[in-house]
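What follows is calculated from the coordinates using simple rules that are stated; it is not laboratory data. From a predicted model like this one, the values you see are computed outputs, not experimental measurements. Because the Cβ atoms are built from the backbone with ideal geometry, glycine has one as well, and the counts that use them run over all protein chains shown.
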Amino acid sequence: MKIAFVGKGGSGKTTLSSLFIRHLAASRIPVIAVDADINQHLGAALGLDETQAAALPAMGAHLPLIKDYLRGGNPRIPSAASMIKTTPPGEGSRLLRVVEDNPVYDACARTVELDGATVRLMATGPFTESDLGVACYHSKVGAVELCLNHLVDGRTEYVVVDMTAGSDSFASGMFTRFDMTFLVAEPTRKGVAVYRQYKEYARDFGVSLKVVGNKVQSPDDLAYLRDEVGDDLLVTVGHSEWVRAMEKGRPARFAYLEQANRRALEVLHDTADAAYGRRDWERYTRQMVHFHLKNAESWGNAKTGVDLAAQVDPAFVLHEGTATPQPA
């Protein structure tokens, strides 16, 4: 299952995504955690110290390796240099599985231990001083989008992505890559405004969206979110001493998270699991191709010097039973 956490900056989406990752890990469910935010805080939220978090490899720095591996023996892609972030898989492409070892994970993922369980953590890499004025952050998250396009996952394995804040998530087609999107919203006008904007953008693409109310401290806060969000409000989360201790670098065992917040995470899990029944691999592949052709026409063809529409394999549909060619 592919799950996204979105919301305005400061809404608590990184904290909520890290708690959901911990919940899945505690249930011994295979998890790949991906930090795709411009502010790289997911590692710290999962308990890494500053040195460990800074040492995480940047996916963007390994983009040539990622492209070369995923290209495999796809005859429609003559070279890794001709691939862009939206390049879809086709016959001969190598696919990624959640539970496997491969060169992409070797280069880009690190194992994080969470109370005896482990998750794989991947990060786009921070926006550095050398990028200022010459690079767009969305070029960095292209590595994440390319991996998601080539990822085959089942019901009992999860990829959880902490997305960039606000409507920046719509700068690419990556927002359509998920079985469920959890929008973290505070009971404020700004928090609700991001929800409305996201819902409007996502409506035409069949994006499954639910709101997680965060920092809800009173019945009035709850009533405000219910009035503004309606049936999209899934669950709310209040103050957590466990989270406060974690943010101070002194986390307790996850089993000691407040019962009300543990129940909220169970609701998220049940909701994500229920989304499996609505999976439509044909639509998923069709949307992948749609955004690829759109990017090819707007900038990709000019950048690569080739007709990227030729990369589309019209007979290929990504699904759980798709075979993955073995590396030579």
Degrees between helix 281-295 axis and first principal axis of the chain (Cα, 0 to 90, nearest 10)
70 degrees
Peptides ranked, highest mean first, by Cβ atoms within 10 Å: ranges 86-92, 76-82:
86-92, 76-82
Starting from the Cα of LYS248, draw a straight line to each of the aspartates and glutamates and keep only those under 16 Å, dropping any in the same chain fewer than 8 residues away.
ASP49, GLU50
So for the range 259-328, what percent of the C-alpha to C-alpha distances run longer than 18 Å?
62 percent
Please enumerate, by chain and number, the lysines with C-alpha under 26 Å from the C-alpha of LYS210, excluding those fewer than 8 residues away in the same chain.
LYS2, LYS8, LYS13, LYS190, LYS199
Under 12 Å from the 7 Å Cα→Cβ point of THR118, by amide nitrogen: which residues of the range 59-93?
none
How high is the relative contact order of the chain, given as a whole-number percent (alpha carbon pairs under 8 Å, six or more residues apart)?
27 percent
Treating only the Cβ of Lys, Arg, Asp and Glu as charged (+1, +1, -1, -1), what charge dipole size does the chain show about its Cα centre? Round to the nearest 20 debye.
120 debye
Over the Cα atoms of the chain the radius of gyration and the largest Cα-Cα distance (Dmax), both in Å, equal 19.4, 61
Determine, from the Cβ-Cβ distance of GLU91 and SER208 and an R0 of 41 Å, the FRET efficiency 1/(1 + (r/R0)^6), rounded to the nearest 0.05.
0.90
Using the alpha-carbon atoms, what tilt in degrees (0 to 90, nearest 10) does helix 259-274 show relative to the longest principal axis of the chain?
30 degrees
Helix-only mean residue ellipticity at 222 nm for the chain, each DSSP H run of n ≥ 4 adding -39500 (n - 2.57), per residue, nearest 500
-10000 deg cm²/dmol
The range 259-328 and the range 181-229: distance between their alpha carbon centers, rounded to Å
25 Å
0 to 90° range, to nearest 10: angle between helix 13-26 axis and the chain longest Cα axis:
90 degrees
Could you compute the net charge surrounding ALA309? Neighbours are other residues with a C-beta less than 12 Å from the C-beta of ALA309; K and R count +1, D and E count -1.
-1
